[in-house]
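Reviewing the structure listed below.
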Amino acid sequence: MATKRSVRPKTDPKSLFDAQEFLDSAGVARKVAEFRTKETIFSQGDPCRNVFYIQKGGVRLFVVNESGKEAVVAVLGPGDFFGEGCLAGQPTRIGTATSIATTTALIIEKSEMVRVLHSEHEFSDRFISFMLARNIRIEEDLVDQLFNSSEKRLARTLLLLARYGKEDKLQRVLPKVSQEMLAEMVGTTRSRVNFFMNKFRKLGFIKCNGGLQIDNSLLSVVLHE
């Protein structure tokens, strides 16, 4: 029997501490970068020197194996960090990051990030909370892949992209994400994604007018036994 997985509302650490406001006010050395849609931010094998903080847009993280097969690790949005592997001593990037929409990100050098984490405890708490939440998300993704149907996995992916449960970040209209990318994230074929997307649209769970709009009722697919 399939294991039921839920996308639960959570208390977002950002509501307790605004990382963007801190970065703006505390004199943290960083630069702002703009990326076009589908632009590569860093590639697998690049030197690992900076941490990124997303201000606007979205970023896809993926890895490619020796035979060229690609696997999406995460899709991140405003308020998320990525590229933090340098803090753990990774010399090179273990994956590739590309923008899924026009994206603005802060780039913070490793040495500056380490300094801030040591000296600013509130910011350090926020960053640790983010990393713990992301580890939980990765574990949930693994269980999702092992036990749930592709229909449930697609519904959960769409809700996560809409940042369900994060009231201050809720996005009812998603940035443009192709069915091919959704298929990679879900671990199924594009034709299956197309089939379920049409089903969700007919049931009123999603709308495709002026961008992909997600209704909270899509949660019923994830919770259904």
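The values are calculated or read from the model by the stated rules, or taken from the named source; none is laboratory data. As the structure is a prediction and not an experimental result, all values here were calculated from the model. In this analysis, Cβ positions are derived from the backbone assuming ideal geometry, glycine residues included, and neighbour counts consider all displayed protein chains. Calculation scope for accessible area: heavy atoms of the full protein, side chains included, ligands and nucleic acids excluded. Shrake-Rupley method; radii C 1.70, N 1.55, O 1.52, S 1.80 Å.
Which condition does GLU84 not pass, out of (1) crowded, with 18+ Cβ neighbours inside 10 Å; (2) acidic (Asp, Glu); (3) over 20 Å from PHE123 (Cα atoms), if it passes all the others?
So GLU84 meets the others, but not (3).
Here are the criteria: (1) open to solvent by 20 Å² or more (accessible area, probe 1.4 Å); (2) part of a loop (DSSP other than H, G, I, E, B). Tell me which single one GLY79 does not satisfy.
(1)
Do you know which of the residues in segment 112-153 that are within 18 Å of ASP24 (Cα to Cα) and hydroxyl-bearing (Ser, Thr, Tyr) is surrounded by the fewest Cβ atoms within 10 Å (Cβ to Cβ)?
SER119
Suppose we filter segment 94-134 for residues that are of a type outside the set (Gly, Ala, Ser) and assigned to a helix (DSSP H, G or I); how many remain? Steps first, please.
Residues of segment 94-134 of a type outside the set (Gly, Ala, Ser): 94, 96, 98, 100, 102-104, 106-110, 112-118, 120-123, 125-128, 130-132, 134.
Filter once more, keeping what is assigned to a helix (DSSP H, G or I): 110, 112-118, 121-123, 125-128, 130-132, 134.
The total comes to 19.
Quick one: how many residues across segment 172-181 are modelled with pLDDT under 80, surrounded by fewer than 18 Cβ atoms within 10 Å (Cβ to Cβ) and of a type outside the set (A, V, I, L, M)? Talk me through it step by step, then tell me what you get.
In the first step, residues of segment 172-181 are kept if they are modelled with pLDDT under 80; the result is 172-177.
This time we only want the ones that are surrounded by fewer than 18 Cβ atoms within 10 Å (Cβ to Cβ), so: 172-173, 176.
Now restrict to residues that are of a type outside the set (A, V, I, L, M): 172, 176.
Matching residues across segment 172-181 total 2.
Looking at the structure I just gave you, is THR96 surrounded by fewer than 20 Cβ atoms within 10 Å (Cβ to Cβ), modelled with pLDDT of 90 or more and among the β-branched types (Val, Ile, Thr)? It would help to see each step written out before you state the result.
Numbers: surrounded by fewer than 20 Cβ atoms within 10 Å (Cβ to Cβ): yes; modelled with pLDDT of 90 or more: yes; among the β-branched types (Val, Ile, Thr): yes.
For THR96, the condition - surrounded by fewer than 20 Cβ atoms within 10 Å (Cβ to Cβ), modelled with pLDDT of 90 or more and among the β-branched types (Val, Ile, Thr) - is met.
Got a number for residues in segment 180-220 being polar (S, T, N, Q) and within 13 Å of ALA155 (Cβ to Cβ)? Don't jump to the end; show me each part of the working.
Just the residues of segment 180-220 that are polar (S, T, N, Q), to begin with: 188-189, 191, 194, 198, 209, 213, 216-217, 220.
Next, only the ones that are within 13 Å of ALA155 (Cβ to Cβ) stay: 188, 216-217, 220.
Number satisfying all stated conditions: 4.
Confirm whether GLY77 is over 21 Å from ARG115 (Cα atoms), in contact (Cβ under 8 Å) with a residue 12 or more places away in the chain and small (Gly, Ala, Ser).
On the way: over 21 Å from ARG115 (Cα atoms): yes; in contact (Cβ under 8 Å) with a residue 12 or more places away in the chain: yes; small (Gly, Ala, Ser): yes.
Judged against the criteria, GLY77 is a match.
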